[in-house]
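One structure is given here, and the rest of the page talks about it.
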Amino acid sequence: MGGVTARMRIRPRGDATKLLKLRLGQAGIGMPVGPQVERTTLGEILKMVEVDYAANGCKSLARVKHAATHLKEFFDACTKTRVITSDRISAYQAERLEQGAKPATVNYELAVLRRAFRLGGRAGKVAARPEFQMLHVENTRKGFFEPEQYRAVVKHLPEHLRPLAAIAYITGWRAMSELLSRQWRHVDLAKGWLRLDPGESKNGDGREFPFTPDMRSVLETQRETVRTMSASRRASSLGIRPTRWQPYQGFSLAWRTACRDAGVPGRLVHDFRRTAVRNLERAGVPRSAAMRMTGHKTEAVYRRYAITDSAMLQEAAVKLAAFHVADSNPPG
């Protein structure tokens, strides 16, 4: 009986020959082969991505883990990487879109999967990578706040969240990853600067933003608020997070509620970043200076935020008209 079972496990001669030729071909072009490659699972290579992000201190590790959750729900963590083919990836895209995921979200999840295959190949655990055909994504989001919309939203925010919104509106800095981590040592009230140290921003570069009158007013008011607290309730962080008893876990709900009540539902905190760039453009600030203030490393990325709206076009028309008037009536 044991001999029969053993014979049943032996591959047919034709299949074995094909497999041998495949392995010889893969080895010939430098691809990894062997039992380890055959056994590598999706869960293993996704874990490689998480370890890689953690080791490099990437701030988007939480988002990678969220993407990995969706990938494992569809493919199963125990699925062998060798059976994840381009047609199954297309099926994943279709299912995620049916679930209501945005094309950009699906593309990000597939980018995580593609990274996983690359790390797996580098480690000699993945023989071949499937082809990744990303979804078409429309141009980047164009949301921004007009001054009256901004004031309406701030009016409906809880009082302890208003300074955060005010500073984000002026600077365009990322609210959750850059502003909430500011401490008073990053604020120079005498000279009028708010600072991000190297390594604290998304691109790793340091950054400084000079005070505007409104910005100074907000920070000085918050500084006084912190000083009036008892020593046991003071926190080292800025007044935009005045006490450790006012956590920001409920920030998302408070933000959505304020936007709805202000008549601008669906707006994002990140729209302040686009708004700040547009305001700098409207004010005529040189682009090189504006990029240093907002932290955009390349002009290509900055231009995506420098939205030209109808008001800017009207301002341009007024300037053009003034030029023509001056040109038709030269001095003297």
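The values are calculated or read from the model by the stated rules, or taken from the named source; none is laboratory data. Note that the structure is predicted; figures quoted are calculated from it, not measured. Every residue, glycine among them, receives a Cβ derived from its backbone with ideal geometry; neighbour counts consider all protein chains shown. These accessible areas exclude ligands, DNA and RNA; they are computed on the full protein's heavy atoms, side chains included. Shrake-Rupley method; radii C 1.70, N 1.55, O 1.52, S 1.80 Å.
Put a dot 7 Å past each Cα toward the Cβ at A321 and D52; how far apart are the dots in nm? A separation of 5.6 nm, rounded to one decimal place. If R0 equals 22 Å, the separation of the Cβ atoms of R151 and Q183 corresponds to a calculated FRET efficiency of about 0.20. Per residue, the accessible area of segment 111-186 comes to 50 Å², computed with a 1.4 Å probe over protein heavy atoms only. Set the bar at 21 Å for Cα to Cα. Now go through K59/K297; K102/K155; K47/K297; K65/K102; K102/K125 and name every pair that lies beyond it. Listed pairs above 21 Å: K102/K155; K47/K297; K102/K125.
Cα gyration tensor of segment 33-111, axes a ≥ b ≥ c as square roots of the eigenvalues: rounded (a/c below 1.5), prolate (a/b > b/c) or oblate?
oblate
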